[in-house]
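Colleague: First, the structure itself, so that you have it in front of you.
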Amino acid sequence: MSLLQALVLGIVQGATEFLPISSSGHLVLVPWFLGWDLDPQAAFIFDVLVQWGTILAVLIYFRRDLLDIAWAWIRGIFLRRPLADPGARLGWLLILASLPAVVLGLALKSAVESAFSQPAAVSGFLLLTAGILLLSERLRRRSTLLGHLSGMDAFLIGLAQALALFPGVSRSGATIAGGITRGLNRTDAARFSFLMAAPVMIGAGSVALLDLVAAPNAGAQIATLAVGFTAAALVGLGSIHFLLGYLKRHPLTIFAIYCIVLGLGGLLRHVLGA
């Protein structure tokens, strides 16, 4: 992998991890569209490291929220009043919302991994993402404050996140849509989605790092890995800030249209055998 390829894919990862258009889908389709013949082992190592770049972006952007939630959660346990503090309660909701992806991720690991080698399937999943985004806008309910979110709401949003195990289904798109259908306004739905991302992405990234330790020649890619990691982290920070501001005034429709265009483009390329 060249430095230019690493830069492009790092930017793609940083932007699409948080915009509701699927980072995993883009990391499959962009090299495919551009005709890049990347070594599978090198691509795997790269994908793991750029994912940690976007994890860093979440931790930096929401550092105060995450620290406050963690401190309130720990204090609630020690005081034997785990739900008394709103921050502690939010912490439990985030844990509950993370469980479906963890359980299904372990159960469907082989099926999910095989999907990464099928651009046509990824294109189809992008169309599913578009449908989820459009449907959520149609099913919007009267707004519920983030502090009033129930355990069932959190669990259902977590089920939506589990759909994003498959490349092409946007994690942020599915969880934001899930939050909207449970009554959250778009901004609060996005905020809950990004806070959910921290434990799930750290868990997934840690599992991938275990595989990375056993991978040969990882050290030979230090330059490309550094470029991709840095690009993903910096662009990820900008992407989070942009989306939170955008959703204050705009619906998810433009992202659904983008997923439709990209998904249909991928299916057309597959049919034509280009």
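The values are calculated or read from the model by the stated rules, or taken from the named source; none is laboratory data. Note that the structure is a prediction, hence the values are computed from the model and not measured. Cβ sites come from the backbone with ideal geometry, for glycine too, and all protein chains shown count toward neighbours.
Colleague: So in segment 29-45, with the set limited to residues that are at pLDDT 75 or above and within 22 Å of THR230 (Cβ to Cβ), which one is nearest to the chain's Cα centre (by Cα)?
Modeller: Of the residues in segment 29-45, the ones at pLDDT 75 or above are 29-38.
Filter again for within 22 Å of THR230 (Cβ to Cβ), leaving 30-31, 34, 36, 38.
On the way: VAL30: 17, PRO31: 19, LEU34: 23, TRP36: 24, LEU38: 23 Å.
Restricting to residues being at pLDDT 75 or above and within 22 Å of THR230 (Cβ to Cβ), the top hit is VAL30.
Colleague: Here's another thing I want to ask about it. May I ask you to list pairs of residues, at least six apart or on different chains, whose Cβ atoms are under 7 Å apart, with the first in segment 148-161 being of a type in the set (Lys, Arg) and the second being part of a helix (DSSP H, G or I)?
Modeller: Cβ pairs passing all conditions: none.
Colleague: From LEU19, LEU9, LEU49, grab the single residue that is in contact with a helix residue (DSSP H, G or I) (Cβ under 8 Å, 6 or more places away or on another chain), within 18 Å of VAL235 (Cβ to Cβ), at pLDDT below 80 and buried (at least 18 other Cβ atoms within 10 Å of the Cβ).
Modeller: Result: LEU49 is the single residue among LEU19, LEU9, LEU49 that is in contact with a helix residue (DSSP H, G or I) (Cβ under 8 Å, 6 or more places away or on another chain), within 18 Å of VAL235 (Cβ to Cβ), at pLDDT below 80 and buried (at least 18 other Cβ atoms within 10 Å of the Cβ).
Colleague: All but one of (1) more than 17 Å from LEU243 (Cα to Cα); (2) under 17 Å from the mean Cα position of the chain (by Cα); (3) not aliphatic (A, V, I, L, M) hold for SER150, so report the exception by its number.
Modeller: Among (1) more than 17 Å from LEU243 (Cα to Cα); (2) under 17 Å from the mean Cα position of the chain (by Cα); (3) not aliphatic (A, V, I, L, M), SER150 violates only (2).
Colleague: Additional query: Going through segment 67-86 one residue at a time, which ones are surrounded by fewer than 18 Cβ atoms within 10 Å (Cβ to Cβ) and under 15 Å from MET196 (Cβ atoms)?
Modeller: Result: ALA70, single match.
Colleague: Further question on the same structure: Only one residue in ALA15, ALA70 is within 30 Å of GLY131 (Cβ to Cβ) and not in a loop (DSSP other than H, G, I, E, B), so which one is that?
Modeller: Working: ALA70 fails: within 30 Å of GLY131 (Cβ to Cβ).
Of ALA15, ALA70, the one residue that is within 30 Å of GLY131 (Cβ to Cβ) and not in a loop (DSSP other than H, G, I, E, B) is ALA15.
Colleague: Same structure again: When the residues of segment 79-91 are filtered to those that are part of a helix (DSSP H, G or I) and either in contact with a helix residue (DSSP H, G or I) (Cβ under 7 Å, 6 or more places away or on another chain) or at pLDDT below 80 (or both), which remaining residue is farthest from LEU165 (Cα to Cα)? Explain how you work it out, then say what you get.
Modeller: Narrowing segment 79-91 to residues part of a helix (DSSP H, G or I): 86-91.
From the residues that got through so far, the ones that are either in contact with a helix residue (DSSP H, G or I) (Cβ under 7 Å, 6 or more places away or on another chain) or at pLDDT below 80 (or both) too are 86-88, 90-91.
Values: PRO86: 30, GLY87: 28, ALA88: 27, LEU90: 24, GLY91: 22 Å.
Among those residues, the one meeting the criterion is PRO86.
Colleague: If you don't mind, another one. Would segment 106-126 turn up any residue that is farther than 30 Å from GLY273 by Cα and either surrounded by fewer than 23 Cβ atoms within 10 Å (Cβ to Cβ) or at pLDDT 75 or above (or both)? Spell out how you get there, then give the answer.
Modeller: The initial filter retains those residues of segment 106-126 that are farther than 30 Å from GLY273 by Cα, namely 106-107.
Then keep just the ones that are either surrounded by fewer than 23 Cβ atoms within 10 Å (Cβ to Cβ) or at pLDDT 75 or above (or both); that gives 106-107.
Yes, there is a match, as at least one residue in segment 106-126 is farther than 30 Å from GLY273 by Cα and either surrounded by fewer than 23 Cβ atoms within 10 Å (Cβ to Cβ) or at pLDDT 75 or above (or both).
Colleague: I'd like the full set of residues that are outside any helix (DSSP H, G or I) and in contact with a Pro (Cβ under 7 Å, 6 or more places away or on another chain), limited to segment 228-274. Show your work before the answer.
Modeller: Filtering segment 228-274 for residues outside any helix (DSSP H, G or I) gives 247-252, 273-274.
Hit for segment 228-274 is LEU252, nothing else.
Colleague: Just for segment 52-78: of the residues that are closer than 30 Å to LEU3 by Cβ and aliphatic (A, V, I, L, M), which one is modelled with the lowest pLDDT?
Modeller: Among residues in segment 52-78 that are closer than 30 Å to LEU3 by Cβ and aliphatic (A, V, I, L, M), the one modelled with the lowest pLDDT is ILE55.
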